[in-house]
Every structure is written in structure tokens, then in C-alpha cells.
């Protein structure tokens, strides 16, 4: 009888533990570490169509080329938008294909700066402002440390597979423009020649 009672108690205890395990919430994903690993270990390049939505709802489309670890990025806008934006050698250059004019600023003036570092370290270089998670996507809002007036960026990722889907840049917290980039038909880790980032420099035939 004692043995039977002991077995019953053990069975009831097992059922209780199993019920508690079922009620226990699943551990939360460490999205910061996951994003760092994605940028540093899994994302080498991106070639993609994109749609850009401005603060006033104005829409442009184009093609984006990105070699993240080399700090190279190019946005070529489709007509009637005449602009080309190229990041190279830590400089962000805007070209106007119609006017044949260009402006150059330091890439570090953009909230995108950390994104183009060879090694992304979110915990060291940026401040995480918020994390929003839905069943299919994750959004992380970031601001570069020590640059309170340089705006912020929200990175958008799909969950399955975990991939970059776009970003939203707010150039200044109070009065700056907000620009959303949505990647479409993206090719990740596609082969891209460095020469792609030399076009429309105004010294090449295409830029004249």
C-alpha cells in the first residue's frame, strides 16, 4: 500500500510539473544580439528594388546596391526623380542627373552611419530606443550615442526567414524629414562589383 501511495504521489507531482511547464512563457528572443550576428556574420551584400516614402507621402522607386562591410551603398532613383546617392569612403554624395550637380557630406551625419561600419556593435555604438515585435516582423528603433540631434533610425526585419526588409530614417527628432525605405525583390549576398559605386561621379562618361 505504501508503495502504491508513493507511486500515486509521484504521478500527481509529474502532472503538476508538466502543467507548470506548459504555462511557462517561451523565453524572449534577444533581438539585439540576433541583429548584430545577422549584420556581422550573415549579411554581406544586398541588391534590391526599393520604394521610398517621404514625410509628405511622396513616393519614389529605384534600385539599391549595398556592400555593408565595405561601407558602400548606392541608391539609384527611377525617373522622374533624377537623384543618385552614393556612400563611399565615409562620404555621402548626392548627384542630380539632370543638373549635373553634386553635394557631399560626411556619412557620420546620417543615422545610417553605424549600419555601414565593418563591425556592427549595437550595444556599444547606439542607444536602443524601442523594440516592437509582431507575429511576422521586428522593428528596432536606434539612435547613435553622443549624437542626440542627428536623428534616429528604425530597422525592420522579417522573422522567418530573418532578413532586412527596410528602414525608416528620422533626420532630426523635432523638425527633420522622415524617409522610409522598403526593399522589394531583394537579392541577399549577391555578387556586386565595386565599380557599381563609381558610376555617376561626374568624372565618368555617365556623369557628364
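When the residues of the stretch 148-161 are filtered to those that are surrounded by 17 or more Cβ atoms within 10 Å (Cβ to Cβ) and in a loop (DSSP other than H, G, I, E, B), which remaining residue is modelled with the lowest pLDDT?
Of the residues in the stretch 148-161, the ones surrounded by 17 or more Cβ atoms within 10 Å (Cβ to Cβ) are 150-157.
Checking which are in a loop (DSSP other than H, G, I, E, B) leaves us with 150-151.
Numbers: 150: 69, 151: 81.
For the stretch 148-161, the residue satisfying everything is 150.
Each row is one residue, and each column tells you yes or no for (1) touching a residue at least 60 places away in the same chain (Cβ under 8 Å); (2) surrounded by fewer than 16 Cβ atoms within 10 Å (Cβ to Cβ); (3) touching a strand residue (DSSP E or B) at 6+ places or on another chain (Cβ under 9 Å); (4) within 19 Å of residue 185 (Cβ to Cβ).
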{"residue": "33", "(1), (2), (3), (4)": "no, yes, no, no"}
{"residue": "40", "(1), (2), (3), (4)": "yes, yes, no, no"}
{"residue": "43", "(1), (2), (3), (4)": "yes, no, yes, yes"}
{"residue": "71", "(1), (2), (3), (4)": "no, no, yes, no"}
{"residue": "77", "(1), (2), (3), (4)": "no, no, yes, yes"}
{"residue": "85", "(1), (2), (3), (4)": "no, no, yes, no"}
{"residue": "95", "(1), (2), (3), (4)": "yes, no, yes, no"}
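Hey, residue 109 hits all of (1) in contact with a strand residue (DSSP E or B) (Cβ under 7 Å, 6 or more places away or on another chain); (2) at pLDDT below 90 but one; which does it fall short on?
(1)
Name the single residue that is surrounded by the most Cβ atoms within 10 Å (Cβ to Cβ) among those in the stretch 53-65 being touching a strand residue (DSSP E or B) at 6+ places or on another chain (Cβ under 8 Å) and either more than 30 Å from residue 36 (Cβ to Cβ) or touching a residue at least 24 places away in the same chain (Cβ under 8 Å) (or both).
First, pick out the residues of the stretch 53-65 that are touching a strand residue (DSSP E or B) at 6+ places or on another chain (Cβ under 8 Å): 53-55, 59-65.
Subsequent filtering for residues that are either more than 30 Å from residue 36 (Cβ to Cβ) or touching a residue at least 24 places away in the same chain (Cβ under 8 Å) (or both) retains 53-55, 59-61, 64-65.
On the way: 53: 16, 54: 12, 55: 12, 59: 10, 60: 18, 61: 14, 64: 21, 65: 19.
Across the stretch 53-65, the extreme among qualifying residues is 64.
Tell me the strands (runs of 3 or more DSSP E) entirely within the stretch 21-102 that contain at least 1 residues that are closer than 13 Å to residue 115 by Cα and at pLDDT 90 or above. Talk me through it step by step, then tell me what you get.
Numbers: elements: 45-53, 59-67, 72-77, 83-88, 91-96.
Fully inside the stretch 21-102 and qualifying: 45-53, 59-67, 72-77, 83-88.
Cβ-Cβ under 7 Å, sequence separation 6+ or interchain: first residue in the stretch 187-198 and at positive phi, partner assigned to a loop (DSSP other than H, G, I, E, B). Which pairs?
189/44
Scan the stretch 145-171 for residues that are more than 14 Å from the chain's Cα centre (by Cα) and on the phi < 0 side of the Ramachandran plot and report the count.
Initially, the stretch 145-171 is screened for residues more than 14 Å from the chain's Cα centre (by Cα), giving 145-151, 160-161, 171.
Okay, now just the ones that are also on the phi < 0 side of the Ramachandran plot, so 145, 147-150, 160-161, 171.
Residues that pass the stated criteria total 8.
In the stretch 114-145, what count of residues is obtained for those that are buried (at least 19 other Cβ atoms within 10 Å of the Cβ), closer than 16 Å to residue 38 by Cβ and in contact with a strand residue (DSSP E or B) (Cβ under 7 Å, 6 or more places away or on another chain)? Talk me through it step by step, then tell me what you get.
Within the stretch 114-145, the first condition is being buried (at least 19 other Cβ atoms within 10 Å of the Cβ), and the residues that meet it are 114-116, 120, 126, 138, 140, 142-144.
Retained after the next criterion (residues that are closer than 16 Å to residue 38 by Cβ): 114-116, 120, 126, 138, 140, 142.
From the residues that got through so far, the ones that are in contact with a strand residue (DSSP E or B) (Cβ under 7 Å, 6 or more places away or on another chain) too are 114, 116, 126, 138, 140, 142.
Of the residues in that region, 6 qualify.
The values are calculated or read from the model by the stated rules, or taken from the named source; none is laboratory data. Predicted model, so just to flag it, every value in this text is computed and none were measured. Backbone-built Cβ (ideal geometry, glycine too); neighbour counts: all protein chains shown.
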